[in-house]
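First comes the structure, then the notes that go with it.
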Amino acid sequence: MLRQVWFEADVMRLSPYSSTRFAPLLEQHHDAFTAALSECRVGAAQFQADDLLLTQGQAVDRLYIVPTGKLAFHITAINGRRFQLGEVQCEHHIIGEMEFFTNTPCQWSVMAMEPLQAEVLCVQRLQQQLTANPILSLFFASALAFDYQESLAISTHRLLHPIAYNIAFDLWQRRHSKMTLDAFNRVEQEAERFGTSSRVYRRAVKSLIEQGLVEKRGHSIEVVDWPKLERFIALTVE
């Protein structure tokens, strides 16, 4: 049996993760946490598809809560290469929380993939709320620690394994876990999600097709032989 690695969105959501150490305590204080965030609300912002909520390198002077809607996260190197995290289906997720605590420029560009509305939070008010109610910082600490481990799992998988393996494993993960990171329907973005070029990505997909593991159906890749795909994944990491 293959080992599951849970790839979630490395974006903080308002509801605490049930597996974390302080989850029972956080559930008890959840109403106080949401009330504190409401005190920090200074308005709402409308975004259309392809609008940027945050841009890599900018100073973060506000946070966003996105009740619903799809976002995509990407980071671009000086040489122009881009890494895509994937699409995130938001359920009251907080955007900009990392930069709020580190007081550093925005690490990722955050793009709306469809029209959506976000609540705007004032960083000064949020700092005052957390200073006055230190227990509320546990919500951020637990979520940031959880998200850090998920981000590290994604990056190490991308770094340590071949592209074809990562594509196959990603397909397997989508069948066996409740992933919140969705794939893109464009080759260029999918290649960036696996940290490679379109040419290398297409070659990796072609190798999986030639082995009888997957087939292209429109813009998506579909597995045609799950047992064979699992054997391929297991043999690749041995």
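The values are calculated or read from the model by the stated rules, or taken from the named source; none is laboratory data. Because the structure is predicted, anything quoted here is derived from the model rather than measured. Neighbour counts are summed over all protein chains in view; Cβ atoms, including those assigned to glycine, are modelled from backbone coordinates with ideal geometry. Accessible surface areas use protein heavy atoms only, side chains included; no ligands, DNA or RNA. Shrake-Rupley method; radii C 1.70, N 1.55, O 1.52, S 1.80 Å.
For this structure, a couple of remarks:
- Volume of the convex hull of segment 119-238 (Cα atoms only), normalised per residue: 150 Å³.
- Using the rule -39500 (n - 2.57) for each DSSP H run of four or more residues, divided by the residues of the chain, the 222 nm mean residue ellipticity is -13000 deg cm²/dmol.
- For segment 38-122, the list of trypsin sites (Lys or Arg not before Pro) that fall in a loop by DSSP and count at most 13 other C-beta atoms within 10 angstrom reads 81.
- Acute angle (nearest 10 degrees) that the helix 123-132 long axis makes with the longest principal axis of the chain, alpha-carbon atoms: 70
- Qualifying aspartates and glutamates (Cα of each under 20 Å from Cα of residue 206; at least 8 residues distant if same chain): 170, 188, 190, 192, 215, 222, 225, 230
- Accessible surface comparison of 92, 219, probe 1.4 Å, protein chains only, largest first: the order is 219, 92.
- Averaging Cα coordinates gives a centre for segment 195-238 and one for segment 27-75; these two points are 36 Å apart.
- With all protein chains modelled, accessible area of residue 51 [1.4 Å, Å²]: 60
- FRET efficiency for residue 20 and residue 220, using Cβ-Cβ distance with R0 set to 30 Å, rounded to 0.05: 0.35
- Exposure of residue 102 as accessible area (Å², to 10), given a probe of 1.4 Å and all protein chains: 80
- Accessible area in the full protein assembly, largest first, 1.4 Å probe, for 196, 131: 131, 196
- Summarising the amide proton neighbourhood of residue 214: residues at separation of 5 or more, or on other chains, whose placed amide H is nearer than 5 Å comprise 209, 224.
- What the pair-distance distribution of segment 80-144 shows, using all Cα-Cα distances binned every 5 Å from zero, is 3, 12, 21, 25, 19, 12, 6, 2, 0 percent.
- In this view, the solvent-accessible surface of residue 30, computed with a 1.4 Å probe and all protein chains in place, comes to about 40 Å².
- Accessible surface ranking that places the most exposed of 206, 228 first, with a 1.4 angstrom probe: 206, 228
- For residue 51, the residues whose modelled amide H falls within less than 5 Å of its own, excluding neighbours fewer than 5 places apart on the same chain, are 112.
- Phi angles of segment 154-164 translate, via the Karplus equation with coefficients 6.51, -1.76, 1.60 and θ = phi - 60°, into HN-Hα couplings of 5, 5, 5, 5, 5, 7, 8, 10, x, 4, 4 Hz per residue; Gly and Pro are given as x.
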